Structures are given as structure tokens and as C-alpha cells.
Amino acid sequence: MNRSSAVRLAAVLLLAVPVVLAPQYLPPHLLTVLTVVFIAGLLAASVNLLAGLSGLVSMGHAGIALAAAYGIAWASVRDWTPLGQIALALVATLLVSLVYAAMTARTRGIVFLMITLALGVLLYGLALKASSVTGGQNGMTGIRRPDVIKAPGDFYLVAVLACTLGLVASRVVSRSPFGLMLQGIRESPNRMASLGYPVSRAKFMAIVLSGLMAGMAGILAVWQVEFISPQIGSFARSANAVVMVILGGTGTIIGPLVGAGVVVGIEQWLSSYIERWPTLLGLVLVLVVLFAPRGIVGTLADLARRRSPAMGGAGTPGGPPPSQAVAPGSGASTTTVGAPVSPDHSQKEAGP
Amino acid sequence: MTLETVPIQVLNGLTFSALLFLLASGFTLIFGLMRIVNLAHGSFYLVGGYVGILAGSVSGSFMVALIAGVIATGAFGFLTERFLLRRVSGHELREVLLTVGIAFIVADLSLAVFGGKPQLLDVPDFLSGSSLLGTYRYPTYRLFVMGLAVAVGIGLWYLQQRTPLGARIRAGVDDRETAAALGIDIGRLFAVMFVLGAGLAGLAGVASAGMLTMRPGADTDILLFALVVVIVGGLGSVTGAAIGSVFIGLLDAFSRAWFPEFSTFAVFAPMAIVLVLRPQGLRGSSA
């Protein structure tokens, strides 16, 4: 560990203190909002894992979360033990993720986006119409979250932990050989295929992995409100997760959480002042896409880098990221022929 | 459900097919030429419907409503292409996200302006009521909508195959760079195509406002069906959009009648099958 990463670690730990102590000093309604932020951040992180590493933007991830959430709800209403509920939810998540992966692993770009969108709506429609199992439009009541995490403060900590795990996992994956392979596939699938990398299988794995993370977000979401309706997996929710990723910065590690904070903030806080907050959200999205395609975190990182030009362009692992960063998802690949795949393509952190 | 209602279900399905075709043909043409997945296409439909209702109630004329709806959405499409999409031209994902942002804004603003209650467009006397088809009576307006879709389909075919503009469009679809190098103003072609697609969506909106009502959420509902049609039919193909519309429209009508709990599944499952067996769609060339 070199000096700059030690500084970064210290900063993260320092930031962690007020977050972990939040139940001690925050009023209950703010704690609820913050819990929502972390759960939304986890869903956004699952979208980001795919979008950042492999350039696959899913517009249907709320559908996977929905499958997990209905698993929990169905089992909870029937008084299964918490472990049984989680097991059922995981089985549902895994099944749905496998379907997503099987149908999309050979596609990319906008085709991937369209198919995931359609799959998400399919699951939403199924939850809405198959009322004998799901309760239809009215959903299900009588869901109880496990007694261990009954207290809002404890549940909040579980959400924080889950989201942190998701973000750390994203970072670990993005630096692993598997993550590098995905980035290579993103930049040049044909070249990776001709080099002998299992392109479709790698994408398949990435989709399932990301799906499992989305499933965790679904479990937490249903536990938080102890109620379920098809809205939990609506198209708007899937789209919002993508908006969070884009706002925060595609391919950054903490971007999804930052994006979730902004979107949930606009939803929960501005909605009591401005009636037209969805318009505002749409405007923010349009402006970010037009003027800051690297998102909040990505843009801040760019600014910081411009102010203090990093020495050496190669970017040693763990050191300051190289400045010729490719904005994943912006479509503007600057990789030149023969250039090695940079290990730092998708992990730009801003020092907050 | 008995067999006697089958013809009625067929007609219901074909009415929905007609709407889907008006929407999907524009969507697929925009995609074929510009490679843009326009997720604001449902918003154009919504705007067309609401403007039509407004113009219809002010003027009292259905024709005015139809024309106003198409012109308004065409203008909206022009502004969208000229001032937003053109700025991120060539960046697939940013284009899609931009259209998502527009969809958010349009949905929210039309809720603010037109309220949450479903609204119906008044149709003229000669289109209201029902017509005799053999031994069945069927609403005249729905037959009119089917006729409209057929007319638009023929018009699009003629435009594409028999006019200089159509030749340029086909050239642009086949090979954008070469077409541009041969002196075709590809930027203007994009603008024309986007306005045309938006106008068609607006036409679908007005047509739909006369029978299904216009309401918040109608934009995403119809967009998703259009998406399925286009995926099944093949991206970029108008013929594919026509086949897909008829197929999905009929499937939707019958699944709603026969097994309502799984009607969504019935429409999306074929899409899944088509994607697995033939990723380019029924009529698409390589995607």
C-alpha cells in the first residue's frame, strides 16, 4: 500500500464514522431516507457493475430486484424462517438472473438495453397480473422483517453494510483478471474473442453476478417497507437506477451511491417543495448527459486531476489514475490499436 | 369465451395492431437510419394525443385535431433532434439516455397540464357508431384507425421505394458513410426522418385518443409494446414492423381474453423465443 492509498483509506474511515453513528443523532424520518439511499445505491451499484465494466446498460434491473422481493414476501407471509425466506429469494434471483443472462449474453449496446428493458417489464407485468400468487395490484401485506433487524437503526446499519459490500465487491471485481477481461471485451469484443477469451461466457457471469447484487437490493427494499406491490419492479425504478449511475459517474466506485443520494434527495426532499420534481430529475439527466457524461464523481475526478497533473502517464496500480481515461458508456473509446487495456479504466474515485 | 367472439377478438387485435404499426414504423425507421433507440417515442404519442384532444375541443373538428397533433409532435421531434440529439450524435448510449430524460419531463409536464384523468377525443358523427361487417357490428372508428394504418403503410412503402427521398434514406440505412461521401446531406436526412417518425407517433396518439383515451402512463405502456414489435419484427425494417404489429396485436387480444393472468407473458415470451432463435428479428438484417 503506497502513501496515496493510505490517505484515501483514512479518508474513507473518517467518513464512515458519521455514517455508522447516524442512528444515534438523526431523526427517524431522515434515517429512513438515508436507508432508502443505501438500498437504492446497492441497486445502482449492481447496474454500474455491468455498465462500468462491460458497457452493458440494463434498463431492467428492478425486475431482478422484484423477483427477490417477491421471494421474501411470499415466504414471509407464510411464516418461513428468515433463512428460509432468504434462500427462496436467492433461488428466485438466481433463476431470473440466469434468464437475463441467457437472453442477453450474446448482445451488447442498445440491443442489450432493449432486451433487459423488455424483461423487466415482463416481470412487472407478471407480478401485476398473476394475482393468485402475487396479490396483483394490491400486493401483499403482513410481511415482517426478521426480529434481529427489527429496529430502524439496526436495519439502517444492515443497509449500509450491504451497500458497502456491494461497492467493495465492485472494486474487487473491477481489479480482478475477470474484471480486466470484461473491460477488454467492452473495448473490443472481436479482438478479445480472437485472443481466445470466452466473451459470451464472461458476460454471462457478469450479468448473473450483477443480478445477485440487484437481488440483495430487492430483499432489503421489501424488508424496509414490510409491504410489496409490483411498483417495486416498475420500469421507472429500473430507469431511476440507470439515472443514478449516470449521475454519479458510470464506472466509478462510489458514483452509484452519490447518484442514489441525489435522486432520492430530489424525490424525498424536493418533492415537499416542488410538485414537479420528476421534471427536475429529467432535466438533471438531460444536462448531465449533454455536459457531464462522466457524471458527478467522474467530472470531479477530472477536475482534480487537471489541477494537479499526475506525474507519469502510465498510472501505476493504486496510484493516481491515468489521465487518458475512457469514459465508459460515453461511447468515445480512445483506445488506440494495439494499446493494452488499462487496468484503471473503470475505477476513478474522487477524493470527496 | 366462446368461438363466436373470435372474429371480434381478431378485430380488436387488429385495431391495436394498427396503433402499434403507426408507432413502431417510426421507431424502426429512426433506428434503421440513425441508430437511435428513441425511448421518447411514447412521449411523442402522448403529446400527439393530448394536443389532439385540446385542438379537437377548441375547434370542434376531428380533422383539426388530427393535423394539430401531427404538426405539434413533428415540431417537438424537430426541436429534440436539432437541439439535443444532434449534440451527442454517434454516442449510442448518451442518445438513449437523453430520450429517457425527455420521456421523464414530458410525462410529468403532461400530468401537470392535462391532469390524471383519462381523456377522450370526440370523433365526428360519421366515424362514431358501428358498421356492419357480415353478421358482426363493429365500431366504425376502429375500422377507420385500421384503414389509417394501412394507408400509412402504403405511403411509407411508396416513399421508401419510389421517391428520391426514399432512395436517399435507403442509401443512408445501408451505409451512412458512403452515402454522406456521395453528397447526401445525412444531417438533414436524420432531421427529416426524426420529424417523420415523431409525426407518425403523434398520429398514433390522436388516433388512440379517439378510442382508448389518453392518460398518464399511456406513453410507457405503448412504448413497451412498440419495443416488442420492433424486436420481433427486426430493427430497421418497416415490413418487419407491420408483421410484428399484426402478430403482437392479435396475441395481446387473445391472451387478454383467454388467460388474463398471463397476458403480459404471452406477448413477451414470443419475443424471448425470437431473440434466442433469430437475434436479428423476423425481417431484420444483421443487427
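Computed from the coordinates by the stated procedures, all read-outs in this text should not be read as laboratory data. Remember, predicted model here, so these are calculated numbers, not experimental data. Cβ sites come from the backbone with ideal geometry, for glycine too, and all protein chains shown count toward neighbours.
With the highest mean first, a sort of the peptides A:296-304, A:15-23 on other beta-carbon atoms found within 10 angstrom per residue produces A:296-304, A:15-23.
Note on residue A:102/residue A:276: beta-carbon distance plugged into 1/(1 + (r/R0)^6) with R0 of 41 Å gives a FRET efficiency of 0.50.
Stretched out straight at 0.36 nm per residue, the stretch from residue A:3 to residue A:87 would grow longer than its current Cα-Cα span by 26.0 nm. Annotation: amide H-H contacts under 5 Å for residue B:136 (H modelled 1.01 Å from N, sequence separation of 5 or more, or interchain): none. Longest segment of chain A with no trypsin sites (Lys or Arg not before Pro) in a DSSP loop having at most 16 other Cβ atoms within 10 Å? Counting at most 16 other Cβ atoms within 10 Å as exposed, the longest clean stretch of chain A is A:151-275. Relative to one another, the C-alpha centroids of the stretch A:181-238 and the stretch B:99-148 are positioned 38 Å apart. 3J(HN,Hα) along the stretch A:257-274: 5, 4, x, 4, x, 5, 5, 5, x, 4, 4, 7, 9, 5, 5, 7, 10, 10 Hz, from the Karplus curve 6.51 cos²θ - 1.76 cosθ + 1.60 with θ = phi - 60°, whole Hz, x for Gly and Pro.
Remark: the stretch A:196-212, residue by residue, has Karplus-estimated 3J(HN,Hα) of x, 6, x, 4, 5, 5, 4, 5, 4, 4, 4, 5, 5, 4, 5, x, 4 Hz, where x stands for each Gly or Pro and the curve is 6.51 cos²θ - 1.76 cosθ + 1.60 at θ = phi - 60°. Remark: mean inter-chain Cβ contacts per residue of A:102-114 equal 4, using a 10 Å Cβ-Cβ cutoff to other protein chain atoms. With the simple spin-label model, which puts each label point 7 Å out from Cα in the Cβ direction, the residue A:21 to residue A:227 separation comes to 3.5 nm. Between 0 and 90 degrees, the angle of helix B:92-114 with respect to the longest Cα principal axis of chain B falls at about 40 degrees. Counts of other chain beta carbons within 10 angstrom of each beta carbon in peptide A:123-135 average 3. For the stretch A:175-189, backbone phi angles converted through the Karplus equation (6.51, -1.76, 1.60; θ = phi - 60°) give residue-by-residue couplings of 9, 7, x, 4, x, 5, 4, 4, 5, x, 5, 4, 6, 7, x Hz, Gly and Pro being listed as x. Judged by the gyration tensor of its Cα atoms, with axes a ≥ b ≥ c, the stretch A:140-293 is oblate; a/c meets the 1.5 cut and b/c is at least as large as a/b. When only alpha carbons of chain A are considered, Rg and Dmax amount to 20.0, 63 Å.
For the stretch B:1-85, the square roots of the Cα gyration tensor eigenvalues, ordered a ≥ b ≥ c, give a/c of at least 1.5 with a/b no greater than b/c, which places it in the oblate category. Put the Cα centre of the stretch B:1-42 next to the Cα centre of the stretch B:213-230 and the gap is 9 Å. The stretch between residue B:135 and residue B:150 holds 3.0 nm of extra length on full extension. This uses 0.36 nm per residue minus the Cα-Cα distance. Distances between placed amide hydrogens fall under 5 Å for residue B:130 paired with B:140, all partners being 5 or more residues away or on another chain. Equivalent-ellipsoid semi-axes for the stretch A:122-207 (Cα gyration tensor, √(5λ), whole Å, largest first): 38, 23, 8. Of B:227, B:132, B:156, the residue with the greatest mean-square motion in the GNM of chain B, using alpha carbon springs below 10 Å, is B:132.
Under the rule a/c < 1.5 gives rounded, and otherwise a/b versus b/c splits prolate from oblate, where does the stretch A:230-280 land using the Cα gyration tensor? Because a/c hits 1.5 or more and a/b fails to exceed b/c, the stretch A:230-280 counts as oblate.
Could you give the distance between the Cα centres of the stretch A:139-159 and the stretch A:79-113, to the whole Å? Cα centroid to Cα centroid, the span is 23 Å.
The modelled label-to-label distance for the pair residue B:63/residue B:188, using points 7 Å beyond Cα in the direction of Cβ, is 3.1 nm.
Between the amide H of residue A:228 and those of A:140, distances stay under 5 Å, these residues lying 5 or more places away or on another chain, with hydrogens modeled in the peptide plane. Distance between the 7 Å Cα→Cβ label points at residue A:168 and residue B:181: 5.4 nm.
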